[in-house]
Amino acid sequence: MLRGLLFIGIIGTMAASCVDNDFEDEGNEGTFYSSTKITAAELIDSRLGEFSSFKAILEKANYFTTLQTYGTYTVFLPTNDAINIYLQSQGLTSVDQLSREVCDTLSRSHIIKKGASFFTDLTEVNRFPEMNMDDHYVGFSSGQDANGKQAYFINQNSQVIEKDDSVTNGVVHVINRILKSSSDFLPDYIKKDKAVTIFSEALEATGLSKLLTKYIDETYSCGDDSVRGKIPAMKYGGCGGTGIHKEGSLRYPEKRYFKYTLFIEPDELLKKKGINNLEDLKAFAKQVYDQVYPEDAGITDITDRKNSLNRFIAYHMMNRCGLYDDWAPSGQIYSNNWKPDVADAEDFWETMCPGQIVRFCRLSGGKLYANRKGKGNTAKFPGVRVLTDEESKQVNPDVDRIAGPMNGTYLYLDDILVFSKTVRDEVLNCRMRIDATTLSPDFMNQDARGHFAKEILCMFKNAYVQNFTLSDETILGVHNDDMWWSSYLGNAVCVKGRYDMTFDLPPVPKAGTYEIRLGYVARGNGSTMQVYLDGDPCGIPFNQTIGSWDARVGFQADRTEGTSSEILEYNKSIDKTMRNHGYMKAMDSYRKGTGATSFRVDAPESLRRILISNTYLTPTGKPGGDGHHKLRFRKADNSSPDTEFSFDYIEIVPSDIYNNPAGEDQH
């Protein structure tokens with residue numbers, strides 16, 4: 001029986017769909033509700049010698065009573081010493097001198113209202129799973145304290161001195177510095193970072209800073225009238241044997257955010273490369289980008305999107321907010337499912353420079369690289385390493401890159417990131433496997449991705465999914481990560497109804513001949529769909545119920561006995577036969593949990609369908625279009641609208657990879 005998510009009906013009311021999930025103590029026996037019967041407020045009252053200052057702040061902002069009530073809060077509780085350090089930094093001597101507005105911001109910055117998060121649960125990425133009440137992510141990392149001992153840190157500089165204090169309405173973590181927050185948008189916050197003045201000046205001079213000033217979509221709302229009848233119930237294959245989702249695990253985003261991430265070279269690095277000011281950076285960018293775009297070499301206006309400096313800065317910009325662990329497979333999915341002995345884990349992302357993508361990969365040990373090609377430490381193209389949070393403290397300990405900016409974050413680099421001819425022609429000349437959950441910035445900005453093993457399906461209103469056009473009868477959600485699921489990276493974009501869905505393909509690195517494939521999970525309640533590229537049909541309709549067990553696929557099990565050359569030759573002959581049928585096995589670099597071999601060997605329901613081959617694509621899409629090639633999936637049969645489409649990933653592959661005489665690798 002396939003593990004997975006099955007929609008089993010439509011709930012006719014929206015009474016609780018936009019309400020935050022209640023915390024349940026499954027899997028936390030001995031932690032939640034076990035050590036005490038007092039609330040978070042009562043814990044503070046019981047230790048006023050340590051926490052009286054923060055209590056005064058909470059009371060001034062009317063949040064102390066919140067922590068007395070039923071709920072599921074995560075409270076980051078600063079000590080009196082932490083408050084005193086903050087007051088001194090502001091030239092103040094007493095909490096009484098703080099305005100109510102400041103106390104309100106401080107209170108909301110230290111409370112997550114959407115669930116109790118214990119450190120024992122933080123196995124996913126380097127941040128808490130929900131934002132705080134000030135709409136900021138709360139990051140965490142491990143490192144050494146002032147005495148050289150191992151310690152946890154919140155948002156880079158606040159050390160956790162007590163963790164996982166269970167209370168009846170959540171959990172409390174005691175910290176030795178306050179969590180800072182600001183109302184600065186990303187460009188304004190970066191201006192205050194004295195470690196990145198050259199990049200900051202270029203960001204402003206090119207006018208690209210103006211693209212980073214959105215935050216909340218005021219046209220979006222989530223209420224009973226707007227999504228009634230659009231909430232599918234869910235049956236989930238890995239939820240303690242019950243088969244039914246937890247109450248509240250289906251949800252729509254309460255707000256729609258616009259957020260961004262920048263990858264930045266610190267001044268110290270640039271100066272080592274001979275770049276000491278804006279003029280030097282202009283000259284460097286021109287040297288690189290005139291080779292890639294010789295037709296635009298004469299454009300000197302740096303506000304022109306085709307200017308070399310403008311392209312250089314825009315290539316560092318993403319229209320989604322992601323922390324260190326978000327850009328390539330990480331956490332439990334990496335440790336349990338990825339096979340680093342076979343290949344490095346990677347994802348491909350479209351940047352805010354039109355027609356340009358970045359290839360991120362994670363090596364064994366967790367280090368993140370941009371535009372690296374080749375396996376492990378023997379990579380032919382070593383790429384640019386992204387600094388960890390611990391390393392970033394050494395660059396500038398006085399900024400909070402995670403919680404400081406209102407609408408995003410930024411990460412430091414250890415070398416200069418460019419879309420050079422080498423990157424275009426060599427590093428990105430590869431099979432680009434693009435996970436479906438990366439195809440819209442909304443999937444990341446509305447916090448739909450991740451949530452390892454939390455049984456969450458985040459639903460989206462059809463008019464509010466950037467890069468997607470969805471018909472009224474299309475129902476779309478993003479499934480949380482699960483190590484036992486049949487989808488690559490344990491997630492999927494789940495589609496239901498009489499769907500008609502068109503989305504933007506990420507740009508190819510250069511014009512040429514490509515093949516496009518669909519990674520999908522075959523299931524008995526699937527349907528038949530017609531696929532179109534830029535409005536033209538990609539062959540005949542495709543039946544999603546077809547798995548490896550169907551004779552139409554041409555599947556045979558891999559050979560496992562004989563010499564290595566005999567095994568490889570035989571298995572490649574299977575691949576050739578399947579390609580002739582329009583199918584491919586799934587990859588051998590990923591598996592369903594630690595006990596499995598690989599998707600290629602023991603996930604017969606996970607396949608690749610070749611949608612179109614030998615087709616000409618350009619980085620700027622179809623002539624006369626909006627800069628993207630578009631792929632359309634339309635339900636093409638009269639089966640029940642309760643049938644499902646588990647949209648796993650897309651592969652875009654250059655011809656010299658799939659037409660290689662030696663054959664394509666199986667990774």
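The values are calculated or read from the model by the stated rules, or taken from the named source; none is laboratory data. Treat the numbers as computed from the prediction; the structure is a model and nothing was measured. Every residue, glycine as well, gets a Cβ built from its backbone with ideal geometry; the counts of neighbours run over all protein chains shown. Calculation scope for accessible area: heavy atoms of the full protein, side chains included, ligands and nucleic acids excluded. Shrake-Rupley method; radii C 1.70, N 1.55, O 1.52, S 1.80 Å.
Do any residues in region 359-378 that are farther than 25 Å from Lys421 by Cβ and open to solvent by 20 Å² or more (accessible area, probe 1.4 Å) have Cβ atoms under 6 Å from those of residues that are modelled with pLDDT under 95 and not in a helix (DSSP H, G or I), where the two are at least six apart or on different chains, and which pairs are they?
Here the result reads Ser364/Pro340, each pair linking region 359-378 to a residue that is modelled with pLDDT under 95 and not in a helix (DSSP H, G or I).
For region 496-507, enumerate the residues that are closer than 13 Å to Arg632 by Cα, open to solvent by less than 10 Å² (accessible area, probe 1.4 Å) and assigned to a strand (DSSP E or B).
Those that are closer than 13 Å to Arg632 by Cα, open to solvent by less than 10 Å² (accessible area, probe 1.4 Å) and assigned to a strand (DSSP E or B): Met501, Phe503.
Scan (1) within 19 Å of Leu203 (Cα to Cα); (2) in contact with a Lys or Arg (Cβ under 9 Å, 6 or more places away or on another chain) for the single condition Lys282 breaks and write down its number.
(2)
How do the pairs read when you match residues in region 493-508 that are farther than 15 Å from Gly625 by Cα and acidic (Asp, Glu) with residues anywhere that are part of a strand (DSSP E or B) and open to solvent by 10 Å² or more (accessible area, probe 1.4 Å), using Cβ under 6 Å and keeping only pairs 6 or more apart or on different chains?
Every condition considered, the pairs that remain are Asp500/Arg634.
Could you list all residues from region 558-575 that are in contact (Cβ under 8 Å) with a residue 24 or more places away in the chain and open to solvent by 30 Å² or more (accessible area, probe 1.4 Å)?
Of everything in region 558-575, those that are in contact (Cβ under 8 Å) with a residue 24 or more places away in the chain and open to solvent by 30 Å² or more (accessible area, probe 1.4 Å) turn out to be Asp558, Lys572, Asp575.
Report, ordered by the first and then the second residue, all pairs with beta carbons closer than 9 Å, sequence separation of six or more or different chains, a first member in region 529-544 that is closer than 13 Å to Arg632 by Cβ and without any contact (Cβ under 8 Å) to a residue 40 or more places away in the chain, and a second member that is in a strand (DSSP E or B) and open to solvent by less than 10 Å² (accessible area, probe 1.4 Å).
Pro537/Val531
Hey, among the residues in region 309-340 that are under 30 Å from Asn277 (Cα atoms) and small (Gly, Ala, Ser), which one's nearest to the chain's Cα centre (by Cα)?
Within region 309-340, the match that is nearest to the chain's Cα centre (by Cα) is Gly322.
Looking only at region 96-112, filter to residues that are of a type outside the set (Gly, Ala, Ser) and open to solvent by less than 20 Å² (accessible area, probe 1.4 Å); which one of those is nearest to Asn155 (Cα to Cα)?
Looking at the filtered set, the residue picked out is His110.
Do we have Val125 as in contact with a Phe, Trp or Tyr (Cβ under 9 Å, 6 or more places away or on another chain), at pLDDT 95 or above, of a type outside the set (Gly, Ala, Ser) and surrounded by 20 or more Cβ atoms within 10 Å (Cβ to Cβ) here?
So Val125 does not fit the description; no.
State which residue pairs qualify: first residue touching a residue at least 40 places away in the same chain (Cβ under 8 Å) and inside region 49-68, second residue assigned to a helix (DSSP H, G or I) and open to solvent by 40 Å² or more (accessible area, probe 1.4 Å) in any location, beta carbons under 7 Å apart, and separation of 6 or more residues or different chains.
Lys60/Arg100; Ala61/Arg100
Results for (1) at negative phi; (2) surrounded by 20 or more Cβ atoms within 10 Å (Cβ to Cβ); (3) in contact (Cβ under 8 Å) with a residue 12 or more places away in the chain; (4) touching a Phe, Trp or Tyr at 6+ places or on another chain (Cβ under 9 Å), shown as yes or no for each residue.
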site: Phe284; (1), (2), (3), (4): yes, no, yes, yes
site: Gln291; (1), (2), (3), (4): yes, no, yes, no
site: Glu295; (1), (2), (3), (4): yes, no, no, no
site: Gly298; (1), (2), (3), (4): yes, no, no, no
site: Asp301; (1), (2), (3), (4): yes, no, no, no
site: Arg311; (1), (2), (3), (4): yes, yes, yes, yes
site: Asn319; (1), (2), (3), (4): yes, yes, yes, yes
site: Gly322; (1), (2), (3), (4): yes, yes, yes, yes
site: Ala328; (1), (2), (3), (4): yes, yes, yes, yes
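Taking strands (runs of 3 or more DSSP E) that fall entirely within region 586-655, which contain at least 3 residues that are within 23 Å of Trp549 (Cα to Cα) and open to solvent by less than 40 Å² (accessible area, probe 1.4 Å)?
Here the list reads 606-617, 644-654.
Restricting attention to region 399-437, which residues are open to solvent by less than 10 Å² (accessible area, probe 1.4 Å), among the β-branched types (Val, Ile, Thr) and either free of Cβ contacts under 8 Å to residues at least 40 places away in the same chain or closer than 26 Å to Glu515 by Cα (or both)?
Of everything in region 399-437, those that are open to solvent by less than 10 Å² (accessible area, probe 1.4 Å), among the β-branched types (Val, Ile, Thr) and either free of Cβ contacts under 8 Å to residues at least 40 places away in the same chain or closer than 26 Å to Glu515 by Cα (or both) turn out to be Val427, Ile434, Thr437.
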